[in-house]
Amino acid sequence: MNTFTIRKALPKDLEAVNDLLQQVLSVHHQGRPDLFNKVGKKYSDEQLLEIFSNPQTPVFVYDKEGIVMGYAFCELKHCSSGSLRPLTTLYIDDICVTEKARGKHIGKALFDYVKDFAREQGCYNITLHVWECNPNAKAFYKALGMTPQYTSMEIICTPTDAGLL
């Protein structure tokens with residue numbers, strides 16, 4: 001039986017979420033070793049627990065029979081300024097599916113769940129950033145119907161350590 005649930009992350013999910021975060025770091029390090037360390041932690045366990053408990057930063061996990069196989073880190077952003085209409089955006093900070101389960105539509109299930117959540121929260125849109133060095137993620141988001149909102153560009157001004165490249 002293929003039973004799964006998507007639910008908010010709980011403290012018991014720390015180890016699984018940390019493992020998935022390391023997988024994301026590995027992909028980013030392979031694509032941009034000038035920016036991303038080979039090993040490290042994006043968040044301490046204390047920070048993760050705080051994120052898990054904050055209603056403005058929901059983290060959803062894909063749980064298949066007690067095993068976390070993926071997550072979606074989200075943030076509700078309330079935007080307004082003199083030139084922008086007030087609106088609420090659901091920003092996806094990160095979606096990850098464990099390497100051994102990729103290609104099984106877990107990422108799509110997480111995205112669909114997040115999309116429903118965003119609608120329930122009255123969000124105008126869902127946004128995310130995707131690294132140019134991650135063509136698989138770009139193709140995945142495009143297949144889900146996402147389109148570029150704007151382009152962020154860079155020029156590297158300082159020489160990088162030759163050992164990194």
* Asked: Is there any pair linking a residue in the range 87-105 that is of a type in the set (Phe, Trp, Tyr) to one that is open to solvent by less than 80 Å² (accessible area, probe 1.4 Å) and at pLDDT 95 or above, with Cβ under 7 Å and at least six apart or on different chains, and which?
  -> TYR91/CYS74; TYR91/GLU75; TYR91/LYS77; TYR91/THR127; TYR91/LEU128
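Matching residues to (1) polar (S, T, N, Q); (2) open to solvent by 60 Å² or more (accessible area, probe 1.4 Å):
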| site | (1), (2) |
| --- | --- |
| PRO11 | no, yes |
| GLN22 | yes, yes |
| GLN30 | yes, yes |
| PRO33 | no, no |
| GLN47 | yes, yes |
| SER53 | yes, yes |
* To do: Might you check whether a residue that is open to solvent by 80 Å² or more (accessible area, probe 1.4 Å) and without any contact (Cβ under 8 Å) to a residue 12 or more places away in the chain occurs anywhere in the range 60-77?
  => no
* **Verdict on GLN30 being more than 15 Å from the chain's Cα centre (by Cα) and more than 22 Å from ASN134 (Cα to Cα)** => no
* Structure fact -> Within the range 104-139, the count of residues that are open to solvent by 40 Å² or more (accessible area, probe 1.4 Å), closer than 26 Å to LEU87 by Cα and part of a helix (DSSP H, G or I) comes to 8
* Asked: For the range 1-93, which fully contained strands (runs of 3 or more DSSP E) count at least 2 residues that are closer than 21 Å to VAL114 by Cβ and basic (Lys, Arg)?
  -> 5-8
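The values are calculated or read from the model by the stated rules, or taken from the named source; none is laboratory data. Since the model is a prediction, treat every value here as computed from it, not as a measurement. We place every Cβ from the backbone using ideal geometry, glycine too, and count neighbours over all the protein chains shown. Only protein heavy atoms, including side chains, enter the accessible area calculation; ligands, DNA and RNA are left aside. Shrake-Rupley method; radii C 1.70, N 1.55, O 1.52, S 1.80 Å.
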